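Participant: This is the structure, below, for whatever I ask next.
The values are calculated or read from the model by the stated rules, or taken from the named source; none is laboratory data. Everything quoted here is computed from the prediction, not taken from an experiment. Methodologically, a virtual Cβ is constructed for each residue, glycine included, from the backbone with ideal geometry; neighbour enumeration extends over all protein chains shown.
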Amino acid sequence: MNVKKLAVVKLFIFFTLFSVGYVEAEVKTFVREYTYQASEVDSKVSCRAIALEQVKRLLLEELGTYLESHTEVINFQLTKDQITALAAGIVKTQIIKEKWDGEKYWLQAKIDADPNEVAKSIDNLRQDKQKSRDLEESRKKVDALLGEVQRLRKELSEKSDKTIANRYNEAVQELSADGTFPGCAKRILTIAVIERHKASGSIGIGLAREFSLKEGAPASSAAHDSHNIVAIGVNDEEMRQAAEEIEKMQGGLMVVEGGKAQASLALPGAGLMSLESAEIVAFQMEKLKGVARNLGCILVNPFLTLSFLALSVIPELKLTDKGLVEVAGFRIIPLGD
């Protein structure tokens, strides 16, 4: 075989292998939307939580159907519910768009996944009996909570009752913020306030709920009134990284996830003011909030909420770099109390 023919053969082999690898790594995108009609007891937050859970359900069901039809999952002898439960622990739902008009909450979301890789992960998971049980139990728990929400909503439509309304709100909160199984938002998160003006090394540590993060760590140097760095997160390492990124920017807002800065807004003016135009600041702020939402946060503006958690002049409990403060009693409370 001459050199020219050999080169053609090698080129053919290269493109053949490249094409095969490309096909094997094909990522499919599944997109669904859901509209939730608010009741009298619903808030924007509760509507969003329910709409998000419902659109996740639709996406996972569509993914499960595809896996059964196009991958080796069909040979695993799993029920449709089992496939959906296991897939929930593998893939991530991303919000594309959402809209609230005061009466309805519309939400569109997607899952990007390589079906063959998901099938392999499901095969590994189904062989881990404990993880499989945990994921299936999580699925059942979500189904039960959705059923409870629907039942209580119907009862409230028939009669106004404070006790039922409280149970309804508790069910919605648990639905959006349960952290007892993989892939779900943590109910209790670590929060830290880090003194940033005198390099004293003073750090206050506390616990916070209702942020509903699945992963990642938002942080900010704008935290009333002392404006120390306040960070909240699923793990300490990403909280530390978020604080260090803010230091590099000479102040600002930051979201770290997966060991990387995912979105930021530099505030080099005393850690409170940007040097950019209003349009750029608004764009960066929306990106920060969008990233936080995709990490599971159900708050409309998590950075605004975060800043007020350090405001130790309003009731009841606030966190400072000196620790947890009971405002009314003017005393520091040990975290274990």
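Participant: So in region 32-68, with the set limited to residues that are at pLDDT below 90 and of a type in the set (S, T, N, Q), which one is surrounded by the fewest Cβ atoms within 10 Å (Cβ to Cβ)?
Facilitator: This residue is SER43.
Participant: Further question on the same structure: Scan VAL281, VAL255, VAL300, VAL313 and give me the residue that is of a type in the set (A, V, I, L, M, F, W, C), closer than 27 Å to LYS110 by Cβ and either surrounded by fewer than 22 Cβ atoms within 10 Å (Cβ to Cβ) or assigned by TED's automatic domain parsing to the domain that holds ALA109 (or both).
Facilitator: Working: VAL281 fails: closer than 27 Å to LYS110 by Cβ; VAL255 fails: either surrounded by fewer than 22 Cβ atoms within 10 Å (Cβ to Cβ) or assigned by TED's automatic domain parsing to the domain that holds ALA109 (or both); VAL313 fails: closer than 27 Å to LYS110 by Cβ.
Exactly one residue qualifies, and that residue is VAL300.
Participant: A further question follows. I want to confirm something. Restricting to region 151-161 and keeping residues that are under 10 Å from VAL41 (Cα atoms) and out of contact with any helix residue (DSSP H, G or I) (no Cβ under 6 Å at 6 or more places or on another chain), which single residue is modelled with the highest pLDDT?
Facilitator: For region 151-161, the residue satisfying everything is ARG153.
Participant: Which pairs turn up if I take residues in region 63-80 that are at negative phi and look for partners that are of a type in the set (Lys, Arg) and at pLDDT below 90 with beta carbon separation below 6 Å, at least 6 apart in sequence or on another chain?
Facilitator: Note: pairs meeting the criteria are GLY64/LYS80.
Participant: For SER157, work out the one condition from (1) touching a residue at least 12 places away in the same chain (Cβ under 8 Å); (2) surrounded by 14 or more Cβ atoms within 10 Å (Cβ to Cβ) it doesn't fulfil.
Facilitator: Here SER157 meets the rest and fails (2).
Participant: Can you tell me which residues in region 168-205 are of a type outside the set (A, V, I, L, M) and either modelled with pLDDT of 80 or more or part of a strand (DSSP E or B) (or both)?
Facilitator: Once the filter is applied, which keeps residues that are of a type outside the set (A, V, I, L, M) and either modelled with pLDDT of 80 or more or part of a strand (DSSP E or B) (or both), region 168-205 yields TYR168, ASN169, GLU170, THR190, GLU195, ARG196, HIS197, LYS198, SER200, GLY201, SER202, GLY204.
Participant: A follow-up question, please. Which of the residues spanning region 318-330 are farther than 16 Å from SER221 by Cα, assigned to a strand (DSSP E or B) and touching a residue at least 60 places away in the same chain (Cβ under 8 Å)?
Facilitator: Hits for region 318-330 are GLY323, LEU324.
Participant: Go through region 265-299 and give me each residue that's under 18 Å from LEU189 (Cα atoms), not in a helix (DSSP H, G or I) and not small (Gly, Ala, Ser).
Facilitator: Listed by number, the residues that qualify are LEU295, CYS297, ILE298, LEU299.
Participant: Out of ALA292, ALA219, ALA208, I need the residue that is within 18 Å of the chain's Cα centre (by Cα) and modelled with pLDDT of 95 or more. Which one?
Facilitator: Details: ALA292 fails: modelled with pLDDT of 95 or more; ALA208 fails: modelled with pLDDT of 95 or more.
Going through ALA292, ALA219, ALA208 in turn, the sole match is ALA219.
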